[in-house]
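J.: Submitted below is the structure of interest, expressed as structure tokens.
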Amino acid sequence: MSEQPVVIPSIAETTERAAQILDSVDRAVVGKRHALELVLATVLAGGHVLLEDNPGLGKTLAARSLAQTLGLDFARAQFTPDLLPADLTGSFIFDQRTATFDFRQGPLFTGLLLADEINRTPPKTQAALLEAMQERQVTVEGQTFRLPHPFHVIATANPVEYEGTYPLPEAQLDRFLSRVSFGYPTAEEEVDVLLRRMRRQQEDITLEPVTDAAGLLGMQAAIEQLVVEDSVVDYCVRLAAATRTQAQVLIGSSPRGSLALMLVARAFAVVRGRDFVTPEDVKAVAPSVLSHRVTIKPELWMSGANASSVIRSVLDNVPAPATAKG
């Protein structure tokens, strides 16, 4: 994307820039600071985010606002039942002037892709994202094309109970580093939304970039230099392993889950202003990182058991370590 050289900032500078990013996005998205911290931490950890919530709660606005603030190229793909894989990856188009086939890039070739209502499209098209999300590349008619760097996907999804949706397969869910929900605003926050809209006197809000692609890569590189204590690493492993032994669980978290837990907790700690990771950081991100990696036994569907309750139980029962800095 950008030809600018990557300069690695200090942890303190990374924290300061993260705060500026969140303050900017707060101008558009009201009262969702913790959820936005999780989203930003996931991006800083190099991952993709699934925003799953009811319609009208600011998922699309949050993704667009974050892209503007990060200074990334932004593309939006509206997922529909008739969306084809080539609509995302791009395809070869015959050029009559040169009598050759030229590749026309799809919306995947961007810095931040908003995959809007990802569960509205059938699994074949959902699967078109798998290679892009994991390998940062797409293959079209046997040819491989690298995606820009950085490349992140923020996907929105309505709850699977809604008619006309296709639950994401486990393999695709696992590619999302975290799954975040915003929830309904409080009465005061909802009043604030209305008042801001009147003051703005227009629907859209445009945010100035706080950084750019090279700046984001620098922040990600700074976080990679942060060392996590062995006791906290062990805690991440024990939490993920505990999901596999719960009575309600058909499939627990894979080792990718414990790795994701460490990566997001590390970025979350920096966002919160620390150069070390505490067990509290791990607990703060665990519901968003692990819940979508747990499959409940189908016969328990009517009992009210769900992945979130399993993760809460695991956090309550797995003892946290006493760290030197925690």
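The values are calculated or read from the model by the stated rules, or taken from the named source; none is laboratory data. On a predicted model such as this, the values are computed, not experimentally measured, just so you know. So basically every Cβ, Gly included, is an ideal-geometry build from the backbone, and we count neighbours across all protein chains shown. We work out accessible area using only protein heavy atoms, side chains counted, and drop any ligands, DNA or RNA first. Shrake-Rupley method; radii C 1.70, N 1.55, O 1.52, S 1.80 Å.
J.: Need the list of aspartates and glutamates near Lys283 for cross-linking: C-alpha distance under 18 angstrom, and skip anything on the same chain fewer than eight residues off.
T.: In chain and number order, the partners are Glu37, Glu229, Asp230, Asp234, Asp275, Asp316.
J.: A follow-up question, please. At Phe145 and Val193, where each label point lies 7 Å from the Cα along Cα→Cβ, what is the point-to-point distance in nanometres?
T.: 3.7 nm
J.: On to the next question. What size of dipole, in debye to the nearest 20, comes out for the chain about its Cα centre when the only charges are +1 on Lys and Arg C-beta atoms and -1 on Asp and Glu C-beta atoms?
T.: 300 debye
J.: Students sometimes get this wrong: rank Glu141, Glu190 by accessible area, probe 1.4 Å, all chains present, largest first.
T.: Sorted by accessible area, descending: Glu141, Glu190.
J.: Around Ile296, which amide H atoms from residues at least 5 apart in sequence, or from another chain, sit under 5 Å from its own amide H, with H modelled in the peptide plane?
T.: Leu250
J.: If you don't mind, another one. Which whole-Hz couplings ³J(HN,Hα) result when phi for each residue of region 206-218 is put into the Karplus expression 6.51 cos²θ - 1.76 cosθ + 1.60, θ = phi - 60°, listed in order with x for Gly and Pro?
T.: These are the phi-based 3J(HN,Hα) values: 10, 9, 7, x, 8, 9, 9, 4, 5, x, 5, 4, x Hz.
J.: Moving to a separate point now. With a ≥ b ≥ c the root eigenvalues of the C-alpha gyration tensor of region 63-167, is it rounded (a/c under 1.5), prolate (a/b larger than b/c) or oblate?
T.: Here region 63-167 falls in the oblate category.
J.: Right, here's the next one. How large is ³J(HN,Hα) for each residue in region 266-275, as worked out from phi by the Karplus curve 6.51 cos²θ - 1.76 cosθ + 1.60 (θ = phi - 60°), to whole Hz, x for Gly and Pro?
T.: 5, 5, 4, 4, 5, 4, 7, x, 10, 9
J.: Same structure again: Counting alpha carbon pairs within less than 8 Å and at least 6 residues apart, what relative contact order, in whole percent, applies to region 68-162?
T.: 31 percent
J.: Kirkwood hydrodynamic radius of the chain from all distinct Cα pairs, in Å?
T.: It is 20.8 Å.
J.: From the square roots a ≥ b ≥ c of the eigenvalues of the alpha-carbon gyration tensor of region 226-301, which class results: rounded (a/c under 1.5), prolate (a/b over b/c), or oblate?
T.: prolate
J.: Please work out the average accessible area per residue across the chain, using the 1.4 Å probe convention, and give it in Å².
T.: Per residue, the chain has an accessible area of 48 Å².
J.: Over what distance in Å are the Cα centres of region 276-298 and region 64-143 separated?
T.: 29 Å
J.: State, as an integer percentage, the relative contact order of the chain based on alpha-carbon contacts under 8 Å between residues 6 or more apart.
T.: 23 percent
J.: While we're on this one: I'd like the distance between the alpha-carbon centres of region 177-194 and region 10-36, rounded to an integer number of Å.
T.: One Cα centre to the other: 16 Å.
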